[in-house]
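The values are calculated or read from the model by the stated rules, or taken from the named source; none is laboratory data. Bear in mind that the values here come from a model prediction, so they are computed numbers and not experimental data. Heads up, the Cβs are rebuilt from the backbone with ideal geometry, glycines too, and the neighbour counts pull from every protein chain shown.
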Amino acid sequence: MRQIYPAKNLKSRLNFRKKFKKGNDMSKQDEALELAQDFEREGFGAPDLYERFWRLRGDEAACFTLADSLLRGRRESGALLDDAMSYVSKEDFRALVSTAMEILCEEGGAKNEAQRDKKQANKNSARQINAWGVIAVASLEFAPLLHPYLEEIFSLRPNDGTYYECYPWRELDYESSQIWRERLASAQTSRGDKQRLFECLLQTRQPRNIKFACETAAAEKFLKHKGSLSEHLGYYLEDVGFTLERVKFTGGANGAELADENLSQTQGVLNDVKFNASKLNSQADENLNDPKSGKNAPSEESRVQKAKASDEMSIGGEAFRLKRYCGERAYHVAFRQGYFSEPFAAHQAKNHPTWGLWADEAQKGESKEAAEANLSE
């Protein structure tokens, strides 16, 4: 059946096809630029939008041209920008991040202007949403590219209120986190900012940062929660691959003394947070260079015990140890080439185990017995 298009869309398609008849020798980057211009005019109603996009795949420069043009445009790009960013190289993504931050800073300044017409505000909001999208993808794919902009990101709050708002702090090392630890400990920091800083430090996934954040939360009580604080902290820790392991109960007078001692020590750290990493490193270098220092070197057993002790903290009168849920190694499931086009592949044969779970007799037009047979195969 012949497809009928609205007059406006039909005219656009005819113009598009004429262009390609005249210019089959267009470069991929020219095609990307033209696609972005068409999208700016017509949005997702642009002719052959995704057919043209698919032709750009595999050309990183063309995909960057498209993503950069969409980011700088005045129309909310949504899924098209997300898809284009999937094919952009790391170095080109660095440029996208820089442009996104420029846009966010401009938008932040524009909000402080006294006079802004509604039309301009709408355009700026679309640019802002596009920039947020770049920050969101970068925080998952190339988080270190965002680290030079963390100060601005904390202030401007792109993706405010989303579960991934604090993802830009991922992969931030312990030394570079010092400014955020100091800010969390500062008496001048508001309660709301402390709550965000707590989550930012957790996202670094650095055990020392996480321990410091938890101890600060226990000492200052800035987290809103019902029930035990340790259980509430556990919910946050699960999101970053950690948990609290109870070491021992410290109830009674001795427990209260231990809790008070730990809290007072933590409070002392909070009152004057100075991390002497450089001093410790220089001392370590001296010890390494001094052969005599080996005489008093701690045994392996004592080092392990000290490491365990350093992970311990007191919360609500109980001693806990910070523990990882799993190792650092990541695994990827790989399918052989051509698997997804083979007739016996699960999605083709429609016999994936979860598809046979019985819910209703009419489900997929098969009987209960047939579903059970699929499960048994």
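Figures for the structure shown
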{"item": "Test: residue in the stretch 167-176 that is surrounded by 17 or more Cβ atoms within 10 Å (Cβ to Cβ), farther than 27 Å from E102 by Cβ and of a type outside the set (D, E)", "result": "no"}
{"item": "Qualifying position, being surrounded by fewer than 20 Cβ atoms within 10 Å (Cβ to Cβ) and either in contact (Cβ under 8 Å) with a residue 60 or more places away in the chain or in the same structural domain as T243 (by TED's automatic domain parsing) (or both), among Q203, Q188", "result": "Q188"}
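Here is a yes/no grid of residues against (1) part of a helix (DSSP H, G or I); (2) modelled with pLDDT under 90; (3) surrounded by fewer than 16 Cβ atoms within 10 Å (Cβ to Cβ):
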| site | (1), (2), (3) |
| --- | --- |
| E215 | yes, no, no |
| H225 | no, yes, yes |
| L237 | yes, no, no |
| V273 | no, yes, no |
| N281 | yes, yes, yes |
| N287 | yes, yes, yes |
